[in-house]
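Next up is a structure, given as structure tokens.
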Amino acid sequence: MEKRDVMGRDMVKRDWVGVLSAIVTAAMVLGVAPALAQKYPDKPVRMIIPFAPGGGTDVLARFLSSKLSEGLGVSLVIENRGGAGGTLGTEVAARSAPDGYTVLFTSASHSFNASLYSKLNYDSLKDFAPVTLVALVPHLLVVHPSLPVKNVKELVSLARRRPGEVFYASGGSGSSVHLAAVLFTTTAKVEMTHVPYKGGGPAMIGVMAGEASVMFPTMQSALPHVKSGRLRALAISTATRSPAVPDIPTVAESGVPGYDATGWYGMLTPAGTPQAAINRLHAETVKILTAPDFKARLAAEGAVAVGNTPAQFDKFIRDETAKWAKIIRDLKLRVD
């Protein structure tokens with residue numbers, strides 16, 4: 001009996017030692033976690049923009065990054081990796097270390113590239129952890145001032161009289177600017193010739209130089225050139241008019257019913273990024289997006305600041321991916 005009692009006491013003692021050890025370990029982890037969260041970031045954060053400098057994505061990313069750098073207390077290093085409709089830079093981001101020090105600032109092209117390309121070296125949904133939807137933005141249908149059209153109906157009429165002779169520019173095959181134009185030619189039943197450039201900025205320069213006559217750039221990148229007279233705006237791409245340019249009609253109300261193409265910008269990190277880092281990036285970005293001066297600046301350019309949660313942004317991307325997959329399939333589009 002005495003031997004069994006001793007053994008029982010030893011077992012109880014070992015059990016309590018194990019419990020106490022677990023409690024101490026948990027306390028240490030809980031104590032360290034906030035410390036780690038407080039230390040992030042402690043070095044510069046790289047922001048990859050999968051497009052060339054000068055386009056709508058680049059313009060907004062740089063404006064946001066200067067504010068975000070202040071909030072995070074470290075530098076944000078901008079890295080433009082344009083090419084292949086944003087897929088090259090996106091792949092670089094997908095393959096980066098998931099440590100919180102690489103951020104992808106991308107556009108609506110992220111939601112339809114999986115349907116446009118037969119093979120991508122990354123998964124648009126599985127290889128990224130969403131941070132937040134930064135903004136929704138319309139495209140503007142603009143033309144070079146020398147093109148003899150003043151509205152959408154005249155452009156459609158000209159394109160039908162001269163099929164294939166009207167050239168439209170984009171920041172590359174598969175970009176959101178390209179898809180907005182393809183949706184227009186299909187919906188309006190016209191034939192125009194695509195001239196792809198290596199980024200939205202170069203494409204805009206090409207249109208202003210008269211190398212191409214038509215383009216669907218994002219509103220914030222196009223408005224300065226419209227106001228200066230270097231481009232003529234015919235219509236806005238969204239289903240409703242924008243308060244920023246209330247006198248510019250929608251494409252749909254201008255003779256192409258059913259047309260609607262809304263662009264967006266958002267921030268993602270490589271899948272596996274620590275939640276503490278995502279939370280910090282999200283919190284600092286939302287602070288910027290909800291600031292009255294930042295919202296007013298975006299509104300003046302026709303964009304709507306969002307700043308939703310990572311979960312909400314994840315659902316948004318999945319919904320957009322499904323929507324564009326159907327459109328791309330119906331239009332039989334493919335970029336390779």
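The values are calculated or read from the model by the stated rules, or taken from the named source; none is laboratory data. Quick caveat: nothing in here was measured; it's all calculated off a predicted structure. Cβ coordinates were reconstructed from backbone atoms using ideal geometry, including for glycine residues, and neighbour counts include every protein chain displayed. Heavy atoms of the whole protein, side chains included, go into the accessibility calculation; ligands, DNA and RNA do not. Shrake-Rupley method; radii C 1.70, N 1.55, O 1.52, S 1.80 Å.
Mind checking which pairs have a first residue in region 59-82 that is more than 23 Å from Asn279 (Cβ to Cβ) and a second that is surrounded by fewer than 16 Cβ atoms within 10 Å (Cβ to Cβ) and among the basic types (Lys, Arg), Cβ under 6 Å, 6 or more apart or different chains?
Pairs found: Gly82/Lys198.
Mind checking which residues of region 45-62 are open to solvent by 40 Å² or more (accessible area, probe 1.4 Å) and either within 20 Å of Gln220 (Cβ to Cβ) or of a type in the set (Asp, Glu) (or both)?
Pro53, Gly54, Val59, Arg62
Which ones in region 146-169 are open to solvent by 80 Å² or more (accessible area, probe 1.4 Å) and in contact with a Leu (Cβ under 8 Å, 6 or more places away or on another chain)?
Passing the criteria: Pro148, Lys150.
Can you name every residue in region 95-127 that is within 24 Å of Asp319 (Cβ to Cβ), open to solvent by less than 10 Å² (accessible area, probe 1.4 Å) and not polar (S, T, N, Q)?
Val103, Leu104, Phe105, Ala108, His110, Phe112, Leu116
A further question follows. From Thr321, Thr290, Thr309, which residue is of a type in the set (S, T, N, Q) and more than 17 Å from the chain's Cα centre (by Cα)?
On the way: Thr321 fails: more than 17 Å from the chain's Cα centre (by Cα); Thr309 fails: more than 17 Å from the chain's Cα centre (by Cα).
Within the list Thr321, Thr290, Thr309, the selection yields Thr290.
If you don't mind, there's one more thing I want to ask. Please identify the pairs in which a residue from region 90-119 that is small (Gly, Ala, Ser) has its Cβ atom under 7 Å from the Cβ atom of a residue that is at pLDDT 90 or above and in a loop (DSSP other than H, G, I, E, B), counting only partners at least 6 apart or on another chain.
Ala94/Tyr122; Ala94/Asp127; Gly100/Tyr40; Gly100/Pro41; Gly100/Thr273; Gly100/Pro274; Ala114/Leu120; Ala114/Ser124
Look at region 308-321 and say how many of its residues are within 13 Å of Ser109 (Cα to Cα) and either among the aliphatic types (A, V, I, L, M) or free of Cβ contacts under 8 Å to residues at least 12 places away in the same chain (or both).
Of the residues in region 308-321, 1 are within 13 Å of Ser109 (Cα to Cα) and either among the aliphatic types (A, V, I, L, M) or free of Cβ contacts under 8 Å to residues at least 12 places away in the same chain (or both).
If you don't mind, there's one more thing I want to ask. So Gly174 clears everything in (1) open to solvent by 20 Å² or more (accessible area, probe 1.4 Å); (2) in a loop (DSSP other than H, G, I, E, B); (3) closer than 30 Å to Pro50 by Cβ except one condition, right? Which one?
Going through the list (1) open to solvent by 20 Å² or more (accessible area, probe 1.4 Å); (2) in a loop (DSSP other than H, G, I, E, B); (3) closer than 30 Å to Pro50 by Cβ, Gly174 breaks only (1).
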